[in-house]
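The values are calculated or read from the model by the stated rules, or taken from the named source; none is laboratory data. Quantities reported herein were computed from a predicted structural model and do not represent experimental measurements. Every residue, glycine among them, receives a Cβ derived from its backbone with ideal geometry; neighbour counts consider all protein chains shown. Remember, those area values only see protein heavy atoms, side chains included, never the ligands or the DNA or RNA. Shrake-Rupley method; radii C 1.70, N 1.55, O 1.52, S 1.80 Å.
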Amino acid sequence: MKYIFQSLIFLLLITSCNSTKDIVNDDLAVTYANSITLEELKENLYTLASKEYNGRNTGEPGQKKAAEFLKNQYISYGIKSPIANGDYFQKIPESFLPKSVKASENVIAYIEGSEFPDEIVVITAHYDHLGNNGVEIFYGADDDASGTVAVLEIAKAFKEAKKKGHGPKRSILFINITAEEKGLYGSKWYVKHPVFPLKNHIANLNIDMIGRVDDAHLQNENYIYLIGSDKLSTELHILSEKVNNKYTQLNIDYTYNDENDPNRFYYRSDHYNFAKNNIPVIFYFNGVHEDYHKSTDIPEKINYELLTKRTKLVFYTAWEIANRKERLKVDEK
């Protein structure tokens, strides 16, 4: 964390976080956020975390089936791909991946901005998981089918807005990332081979596990961990706080944002490869729980009301970034 900005952040939060009058397009944001529904999140999650997808192990048939499902969902929503010839798959060769991992693909969709199309907000979640061990399937309902279905619902909400003449001013890039569980290889590949120049990517909102409650919050489930929001852009951090205060009123927990936290979650999900390229990020996370990386991470254990609320927080944040007058500023080093 940049300690030289701590006093500035504190003062700005006092003066502006509780004032939400400058949040853009309040009524429109609520209208399209309300198109994000518990029922659709649940239906898609039960699909991705089902036996038929066999744990979505990178390069294996279950992951390929999940990629096809995501592609077909984007097509059904009328959301195009930015890749040539309408191919939603950004192919990652076997040679780039760890030994014994087969070739895989990121799934990418795109909504072009109306006023600043070259400025791109990136929304990500990894859709791969651990597959099976020959006895048990690792379903990965929370990790990270929860984030994957959130990206789908957010994409659909932005498309609904665009259909009705309220599309985002800046472009939105939706990336369902593969090979995260193998060492963040899907996002590593993307930043090495971006569909658009990296300098045009103004922020990354990364969603990795937002469907459960950890032991620290059993008495108050209305929370979300945020990681990284202040590390590159003070402006993003303040914007994030204001959006939550205005719309969702989740208790934001910054425990894992501490550079001295031994879990080092900031370095352990796909946002980190964007952050390494000086792109401001927020990592949305519910913390680990008793079913983390176990076969018992199943759809029946997801808190769907909380998943819906957290998904809306990401949507509102993306809406604000995409529609504000000025591009997000990166802090000077």
- Query: Within the bounds of the stretch 208-222, is there any residue that is crowded, with 21+ Cβ neighbours inside 10 Å and closer than 16 Å to Ala66 by Cβ?
  - Reply: yes
- Tell me which of these Leu232 doesn't satisfy, since it passes every other one: (1) open to solvent by less than 10 Å² (accessible area, probe 1.4 Å); (2) assigned to a loop (DSSP other than H, G, I, E, B). (1)
- Scope the stretch 277-298; condition open to solvent by 10 Å² or more (accessible area, probe 1.4 Å), under 24 Å from Tyr139 (Cβ atoms) and either of a type outside the set (Phe, Trp, Tyr) or assigned to a strand (DSSP E or B) (or both); matching residues: Val288, His289, Glu290, His293, Lys294, Ser295, Thr296, Ile298
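Conditions tested, residue by residue: (1) free of Cβ contacts under 8 Å to residues at least 60 places away in the same chain; (2) closer than 24 Å to Glu60 by Cα; (3) part of a helix (DSSP H, G or I).
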| site | (1), (2), (3) |
| --- | --- |
| Asn176 | no, yes, no |
| Ala179 | no, yes, no |
| Gly186 | no, yes, yes |
| Val191 | no, yes, yes |
| Ala203 | no, no, no |
| Met209 | no, yes, no |
| Arg212 | no, no, no |
| Ala216 | no, no, yes |
| Glu221 | no, no, no |
- Task: Hey, could you check the stretch 107-150 for residues that are of a type in the set (Phe, Trp, Tyr) and not in a strand (DSSP E or B) and say which is least open to solvent (accessible area, probe 1.4 Å)?
- Result: Tyr127
- Message: Being open to solvent by less than 10 Å² (accessible area, probe 1.4 Å) and of a type in the set (Val, Ile, Thr) is the filter here; which residues of the stretch 303-323 pass it?
- Response: Thr311, Val314, Thr317, Ile321
- Scan the stretch 69-119 residue by residue and report those that are closer than 13 Å to Thr178 by Cβ and acidic (Asp, Glu). Glu94, Glu105
- Residue ranges of helices (runs of 4 or more DSSP H) in the stretch 1-102 with at least 2 members at pLDDT 95 or above: 26-33, 38-48, 61-77
- Task: Could you run through the stretch 33-43 and say how many residues are open to solvent by 10 Å² or more (accessible area, probe 1.4 Å) and touching a residue at least 12 places away in the same chain (Cβ under 8 Å)?
- Result: 5
- Query: What is the residue count in the stretch 257-276 for residues that are open to solvent by less than 90 Å² (accessible area, probe 1.4 Å) and under 13 Å from Lys188 (Cα atoms)?
  - Reply: 8
- Mind checking which residues of the stretch 151-188 are open to solvent by 40 Å² or more (accessible area, probe 1.4 Å) and over 26 Å from Gly211 (Cα atoms)? Lys162, Lys163, Lys164, Gly165, His166, Lys169
- Query: Right, Ser50: open to solvent by 60 Å² or more (accessible area, probe 1.4 Å) and more than 20 Å from the chain's Cα centre (by Cα) or not?
  - Reply: no
